[in-house]
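Student: Before I ask anything, here is the structure I am working with.
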Amino acid sequence: MNKRSVFLLAVLVFFCFGFAEAGNVIKTKVPKREKSQTDVLELRCDPIPVVRVAFIGLGMRGPGAVNRMTNIDGVEIVALCDVEQDRVEKVNAMLEKKGFPKAKEFYGTTEAWREVTKLPNVDLVYVATDWAHHAVIGVQAMKDGKHVAIEVPAAMTLQEIWDLINTSEKTRKHCMQLENCVYDFFELTTLNMAQNGVFGEILHTEGAYIHNLEPFWNTYWKNWRLEYNIAHHGDLYPTHGLGPVCQALNMHRGDRMRYLVSMATKTVCIPEFIKKTTGRDVSKEFQNGDHTITLIKTEKGKTINIQHNVATPRPYNRMYQLTGTKGFANKYPVQGYAIEGGQLSKDIVKNHEDLSGHSFVSEKVKAALMEKYKFPFQRQIEDKAKTVGGHGGMDFIMDYRMIYCLQRGLPLDMDVYDLAEWCCLIPLSEISLKHSSAAVEVPDFTRGAWDKLDGLHFAE
Ligand SMILES: NC(=O)c1ccc[n+]([C@@H]2O[C@H](COP(=O)([O-])OP(=O)(O)OC[C@H]3O[C@@H](n4cnc5c(N)ncnc54)[C@H](O)[C@@H]3O)[C@@H](O)[C@H]2O)c1
């Protein structure tokens, strides 16, 4: 192929698929922002004293969200929707049993939700369907004048990500991804420690979704999750790992992801499982590797390591690791902190064979740090969160914070650019893997406003 043909091919690929190879980094397309649009950083909307919520998707995840919302003052559950009638009726029965009015029911087809986003008496649409329906419902809900909260990952492709951003910017509606892991107690406290400089400057971070899904594969509606892993290559579930570390690194609030590279192992475990349990041979068509690693470089010279493995028999692990110039935090498999100074006695420094000098702080010091650095809102609601539950309470804190901010017209803790950054690993890791782990540019989803804000501040 001559140079002209290569150029024309690159232009064609760029316009058809949103990326093109240039130099040693594969460029990604940033669509032009329409003149009427501005960014939605720290978006404030009219306060909604009583938030009327419609739920779409009531499989394994949705009903728990409905239950959590019944524990938050100033919330009305007005509509319930799922393809399956019995799932809607079961959740409505739960509402009635708890003494709440029955919600309006929608079911029967994958398009039944279209009547829900149109309802005039809804402020917030809460989406917990399979991945294929997240973005399309989110976009329409905003167009129909609703705020939207979407389960993880909220978007699977660059097109879906940009559609959600553009719609949020045009409609001035909140579009929040329901990333619960940023509210887990260790991550929240550690974020506050990071914001108070306990770890110095954070240089390197790690996060992961390592969860053997073998016991769950057959429990998803129409097998959607397994089919997605059969059809796609890449980190398909990056947000639990990325969310907490991106917050600690102030992503699009002073720094931004510039490019990434991904590498994956071959595929073994899931096709074997499918063959064993159903007799179906997917070994030739199965796309995803068992273990995927993505490395990301940021504008300010930081690095992020994100891993995905839903295939092999390993203990659950989200890694969550912060490496700073003055300290270190780690959640899995050992939860703890190491802080400069406090650890290294003179003797230990002299004797570099003694590795205990590099250990975590004692459990007593850790407990004191975790008590000192709780966010005020965490202190206020952690007991209730533990009682209501949802992954030990973090799910409740997520819902509580979203409703708290909506009721007061405050910016939400997570905006549509967080959603974009945490989901973009799905399509970008796939591009990198298809090009022998080539570097892929991460688009600036704020379109030039990534250093407008000075860090992440939870609204009070
Ligand atoms: N944040 C977390 O910790 C967490 C945990 C589990 C699942 N999730 C996410 O929650 C979502 C749901 O997962 P799940 O485990 O409940 O899956 P599921 O298969 O059990 O439930 C999905 C439900 O969506 C319904 N549905 C599908 N298309 C629909 C449509 N067009 N309109 C209305 N309903 C529709 C299905 O009938 C089903 O009841 C997924 O995005 C998943 O990634 C997040």
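The values are calculated or read from the model by the stated rules, or taken from the named source; none is laboratory data. Being a predicted model, the structure only gives us computed values, none of them experimental. Cβ placement follows ideal geometry from the backbone for every residue including glycine, while neighbour counts extend to all protein chains displayed. Remember, those area values only see protein heavy atoms, side chains included, never the ligands or the DNA or RNA. Shrake-Rupley method; radii C 1.70, N 1.55, O 1.52, S 1.80 Å.
Student: What is the spin-label model distance, in nm, from Thr38 to Glu272 if the labels are put 7 Å beyond Cα along the C-beta direction?
Tutor: Roughly 5.7 nm, to one decimal.
Student: Here's something else I'd like to know. Order Asp281, Asp399, Asp454, most accessible first, counting only protein heavy atoms with a 1.4 angstrom probe.
Tutor: On the way: Asp281 90, Asp399 0, Asp454 130 Å².
From most exposed to least exposed: Asp454, Asp281, Asp399.
Student: Follow-up question, since we're still on this one. Give the carbon-plus-sulfur fraction of the accessible surface of region 51-173 in %, rounded to a whole number; probe 1.4 Å, heavy atoms of protein chains only.
Tutor: Percent of accessible area from carbon and sulfur atoms in region 51-173: 49.
Student: Calculate, for the chain, the solvent-accessible area per residue in square angstrom, rolling a 1.4 angstrom probe over the heavy atoms of the protein chains.
Tutor: That works out to 44 Å² per residue.
Student: How high is the FRET efficiency from Lys366 to Asp46, r the C-beta distance, R0 45 Å, rounded to 0.05?
Tutor: 0.60
Student: Loop only by DSSP, 14 or fewer other Cβ within 10 Å of the Cβ. Give me the chymotrypsin sites (Phe, Trp or Tyr not before Pro) in region 230-321 that pass, ordered by residue number. Could you put the intermediate results ahead of the total?
Tutor: On the way: sites: Tyr259, Phe273, Phe286, Tyr316, Tyr320; in loops: Phe286, Tyr316, Tyr320.
Filter output for region 230-321: Tyr316.
Student: If you don't mind, another one. Calculated from DSSP H runs of 4 or more alone, at -39500 (n - 2.57) each and per residue, what is the 222 nm mean residue ellipticity of the chain, nearest 500?
Tutor: -10500 deg cm²/dmol
Student: Counting other Cβ atoms within 10 Å of each Cβ, which GluC sites (Glu not before Pro) in region 220-307 have at most 12 and sit in a DSSP loop? The partial results should precede the final answer.
Tutor: Details: sites: Glu227, Glu272, Glu285, Glu299; in loops: Glu285, Glu299.
Answer by residue number: Glu285.
Student: Obtain the nm distance between the two label points defined at Thr70 and Trp224 by a simple spin-label model: each point lies 7 Å from its Cα along the Cα-to-C-beta direction.
Tutor: 2.4 nm
Student: Work out the FRET efficiency for Gln159 and Lys102 from their Cβ-Cβ distance, taking R0 = 41 Å, and round it to the nearest 0.05.
Tutor: It comes out at approximately 0.60.
Student: Give the Cα extents of region 256-304 along the principal axes, in whole Å, largest first.
Tutor: That gives 50, 14, 14 Å along the principal axes, largest extent first.
Student: Under 20 Å from the Cα of Lys27, which aspartates and glutamates turn up, not counting those fewer than eight places away in the same chain?
Tutor: Glu160, Asp163, Asp235, Asp255, Glu299, Glu421, Glu430, Glu441, Asp444
Student: On to the next question. If you plug each phi of region 189-194 into the Karplus form 6.51 cos²θ - 1.76 cosθ + 1.60 with θ = phi - 60°, what whole-Hz ³J(HN,Hα) values come out, in order, with x for Gly and Pro?
Tutor: Those phi angles translate into 4, 5, 4, 5, 4, 4 Hz.
Student: Among DSSP beta bridges whose residues both lie in the chain, state the antiparallel percentage, nearest 5.
Tutor: Antiparallel bridges make up about 50 percent of those DSSP assigns within the chain.
Student: Now for a separate question. Give the Cα extents of region 51-173 along the principal axes, in whole Å, largest first.
Tutor: 42, 27, 22
Student: Quick check of the Kirkwood formula: for the chain, what is the inverse mean of 1/r over all pairs of different Cα atoms, in Å? Numbers along the way, then the final one.
Tutor: Details: mean 1/r = 0.0429 Å⁻¹.
Kirkwood radius, the chain: 23.3 Å.
Student: Then there is this: Carbon-plus-sulfur fraction of the accessible area of region 242-281, 1.4 Å probe, in percent?
Tutor: For region 242-281, the apolar C and S fraction of the accessible surface comes to 51 percent.
Student: Restricting attention to region 125-192, which chymotrypsin sites (Phe, Trp or Tyr not before Pro) occupy a DSSP loop and are surrounded by at most 13 other Cβ atoms within 10 Å?
Tutor: Answer in residue order: no site qualifies.
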